[in-house]
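Presented below is the structure to which this report refers.
No lab work stands behind these numbers, since they all come straight from the coordinates. Everything quoted here is computed from the prediction, not taken from an experiment. Here the Cβ positions follow ideal geometry from the backbone for every residue, glycine too, while neighbour counts run over all protein chains shown.
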Amino acid sequence: MTFWGGGRACIGFKFSQLEMKVVLAELLAAFSFEEAGKPIAWNIGEAIYPTIGQCSTRPEFPMKVTALKPASFTETTG
């Protein structure tokens, strides 16, 4: 069984992709995301990962997350 494609592809793979898209859409609709203003350096290793500054090896990407004003019940139900 492979994850990518073909007749024996994992049926959970596409479902998990769809689920991630739904969660991301919900987060983007409910929150505002901004950079925290700290210098970000992208390090290359087994994977590319962000750190604060060049000397750090700890992966981190600080953000300012602000809750957006929720819509009223009548706006969401039509």
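Numerical summary
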{"quantity": "Net length gained if the chain between Leu68 and Leu27 were fully extended (0.36 nm per residue, minus Cα distance)", "calculated": "13.7 nm"}
{"quantity": "Proximal charge balance of Tyr49 [Cβ under 11 Å; K/R count +1, D/E count -1]", "calculated": "-1"}
{"quantity": "Candidate lysines - alpha carbon under 21 Å from Lys38, same-chain residues fewer than 8 apart omitted", "calculated": "Lys64"}
{"quantity": "The stretch 11-77: radius of gyration over Cα atoms, expressed as a fraction of 2.2 N^0.38 Å", "calculated": "1.57"}
{"quantity": "Inter-label distance, nm, simple model (7 Å from Cα along the C-beta direction), Lys14/Trp42", "calculated": "3.1 nm"}
